[in-house]
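J.: Take a look at the following structure, please.
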Amino acid sequence: MTAQQVDAATSVEPSSRAGSSYKWAVLAVAVTALTTGSIVYSGVSVLMPFWKHTYHLSAATAALAATAIQAGPITSMLLMGRAIDRYGERWVVSLTMIAMGATAFIAAATGPSYPVLLLFILVMGAFYGSILPGGQRAITRWFEPGLQGMATGIRQSGLPIGATLAGAILPALALHHGWRAAAVVQGTAGVLGGIVFAVFYRRAGDATSARKAPVNLRGLIGSLVQDRVVRSLLFSGLALAAFQYVFSAQIIIFLTDHLHVPIVSAGFMYSVAQAAGIGGRIGLAWISDHFWPGRRMRSLKWILAFSALPVAALTLLTPDSPRILSYGLCVLLGLLSVGWYPLYLVQVADIASNQAVASTISFAITLNQIIAAAMPPLFGVLVGTAGYAASWLLLVAVLLVTALQLHRTRTLVPQPAKETRA
């Protein structure tokens, strides 16, 4: 894409119902779907220490559960986005969420071996693949461009809210009643989220309500990767996804195994981090759009650079370090590792044509999911061979190098005209 093509593709009029007060009901429904979906999705990372103990696993093998839940959307995301662009988000999202919850029920009822459990987790992840593109498509349908950043930040707060609830509820439940009881709670959340989306979501009354021809995914992907600015944006998403999911998947194990923090306390620290991410998802998007409108890629660059600092600080922690330092770093890491995503999603949506918003977002998220699936076990292997200090420092290097390439790309390449708009 050239800058002019990006501008032409994204210069669409807001929905004719964007001014309707019902858009806030739609936002509430989208937040509910992401929150309940996150209880299922993030709950896998929360339950990893229990599977590690139950099945006598190494850190790297236990992290395969995080890989499975991340790999699930890789198998389905592009198809989900294509289906949403063609048929609409209401039934695609609601039915797949119900199926995700039902899969958790089956896993809890059968109590499978760890390899079979990984298969169930993979299926849950595949059904989860509709929630992110479907919810973002709802935002672009209902909200005018000036409110999309804020609305996306609020919607994306559902992910850390769900993760916070998972971290606060599931460890204690699994400790006293077993991980299968926790899986029942996950399944219930998924089913309820799907029912709420089906009952209360309405599509904006514009031309997008008509059924579309299927999106040409190959042509769409080709047009995206040929543009240097878009490629730089996608690379920044990959680095930040690695940061987010390594932290999410490994921090409880790091706290318990390396710092000797009790499991319930570690789960609470995880919840605190995710709670900070709620503020990050809303606050970082609002700050960027309020103080630097249309300059989200610059904001992403500084998030990359600043995130390296608390990650590096993790290497200084020991079992004798004051507990308040661990809490403080978890808060900062949660704010940054979770908070970047709305900025990224809105920027990706900005480069999409109105006929392929969900497909474009799905492509970007699929790339992120590949990294999210690969990095936790690779990080676990690196921890096993080189220790935590070297592993965290490697992540620091990835963040800094990516920030530098994003800065160089924006310096050398003309910016898309779309980015100058608030």
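J.: On average over all directions, what projected area in square nanometres does region 327-413 have, based on the convex hull of its Cα atoms?
T.: For region 327-413, averaging the hull's shadow over all directions gives 7.4 nm².
J.: Of all accessible surface on the chain at a 1.4 Å probe, what whole percent is carbon and sulfur?
T.: On the way: 10740 of 15550 Å².
Percent of accessible area from carbon and sulfur atoms in the chain: 69.
J.: I need the helices of the chain that pass two filters: whole DSSP H segments spanning 18 Å or more by Cα along the axis, and mean Kyte-Doolittle score no lower than 1.6. Could you put the intermediate results ahead of the total?
T.: Values: long enough: 22-54 (47 Å, 0.91); 64-87 (34 Å, 0.66); 89-110 (31 Å, 1.20); 114-128 (21 Å, 2.19); 158-177 (27 Å, 1.27); 179-200 (32 Å, 1.49); 228-253 (38 Å, 1.42); 263-291 (40 Å, 0.88); 296-314 (28 Å, 0.99); 323-339 (23 Å, 1.74); 357-386 (42 Å, 1.52); 388-412 (36 Å, 1.18).
Membrane-span-like by this criterion, though nothing is claimed about a membrane: 114-128, 323-339.
J.: With N residues in region 72-111, what two-decimal value do you get for its Cα radius of gyration over 2.2 N^0.38 Å?
T.: Values: Rg = 12.2 Å, N = 40, 2.2 N^0.38 = 8.9 Å.
Computed over Cα atoms of region 72-111, the ratio equals 1.37.
J.: Taking the Cα-to-Cβ direction at residue 305 and at residue 175 and moving 7 Å from each Cα, how far apart do the two end points lie in nm?
T.: Each label point is offset 7 Å from its Cα along the Cβ direction, giving 4.2 nm.
J.: Semi-axes of the equivalent ellipsoid of the chain: what are they in whole Å, largest first, if each equals the square root of 5 times a C-alpha gyration tensor eigenvalue?
T.: On the way: eigenvalues 214, 132, 66 Å².
Output for the chain: semi-axes of 33, 26, 18 Å.
J.: For the chain, what is the calculated [θ] at 222 nm in deg cm²/dmol (nearest 500), taking -39500 (n - 2.57) for each run of four or more DSSP H residues and dividing by its residue count?
T.: Values: 18 runs with 337 residues, N = 422.
The per-residue figure over the chain is -27000 deg cm²/dmol.
J.: Report the residues of region 245-263 in range of a label on residue 320: point 7 Å along Cα→C-beta, backbone N strictly under 17 Å from it.
T.: Label zone hits: 258-261.
J.: Could you compute Rg(Cα) / (2.2 N^0.38 Å) for region 11-108, with N its residue count?
T.: Values: Rg = 17.6 Å, N = 98, 2.2 N^0.38 = 12.6 Å.
Compared with the compact-globule rule of thumb, region 11-108 sits at 1.40.
J.: Skip the ligands, DNA and RNA, and give the accessible area per residue of the chain with a 1.4 Å probe, whole Å². Mind showing how you got there, number by number?
T.: Working: 15550 Å² over 422 residues.
Here the residues of the chain average 37 Å² of exposed surface.
J.: Residue 397 to residue 198: extension gain in nm, 0.36 nm per residue of separation minus the Cα-Cα distance?
T.: 67.2 nm
J.: Another question about this same structure. Sticking to Cα atoms, compute the Rg of region 22-75 to one decimal and its Dmax as the biggest Cα-Cα distance, whole number, in Å.
T.: For region 22-75, the Cα-based Rg and Dmax read 15.2, 51 Å.
J.: Taking just the alpha carbons, could you work out the radius of gyration and Dmax for region 345-388, both in angstroms?
T.: When restricted to Cα atoms, region 345-388 yields Rg and Dmax of 15.7, 48 Å.
J.: Obtain the nm distance between the two label points defined at residue 290 and residue 257 by a simple spin-label model: each point lies 7 Å from its Cα along the Cα-to-C-beta direction.
T.: According to this spin-label approximation, the distance is 4.1 nm.
J.: Okay, next question. Run the dipole for region 281-334 about the Cα centre, Lys and Arg Cβ at +1, Asp and Glu Cβ at -1, nothing else charged, and hand back the magnitude in debye, nearest 20.
T.: Details: 6 positive and 2 negative charges, 56 e Å.
Dipole about the Cα centre, nearest 20: 280 debye.
J.: Can you compute log10 of I(q)/I(0) for region 259-332 with the Debye formula, treating each Cα as one identical point scatterer, at q = 0.15, 0.18 Å⁻¹?
T.: -0.62, -0.80
J.: Can you compute the modelled spin-label distance between residue 105 and residue 55, with each label point 7 Å from Cα toward Cβ, in nm?
T.: The two pseudo-label positions are separated by 2.4 nm.
J.: Of 309, 267, 34, whose Cα points farthest to the positive end of the dipole of the chain (charges on the beta-carbon: +1 Lys, Arg; -1 Asp, Glu; origin at the Cα centre)?
T.: About the Cα centre, the residue reaching furthest to the positive side is 34.
J.: Find which of 278, 384, 21 sits farthest along the positive direction of the dipole of the chain, computed with +1 on the beta-carbon of Lys and Arg, -1 on that of Asp and Glu, about the Cα centre.
T.: 21
J.: Expressed in nm to one decimal, what extension gain is obtained for the pair residue 327 and residue 313 from 0.36 nm per residue of sequence separation less their Cα-Cα distance?
T.: Details: separation 14, 0.36 × 14 = 5.04 nm, distance 1.24 nm.
Contour length minus Cα-Cα distance gives 3.8 nm.
The values are calculated or read from the model by the stated rules, or taken from the named source; none is laboratory data. Computed from a prediction, not measured in an experiment: that's the story for all the values here. Heads up, the Cβs are rebuilt from the backbone with ideal geometry, glycines too, and the neighbour counts pull from every protein chain shown. Heads up: the accessible areas ignore ligands, DNA and RNA and are worked out on the full protein's heavy atoms, side chains in. Shrake-Rupley method; radii C 1.70, N 1.55, O 1.52, S 1.80 Å.
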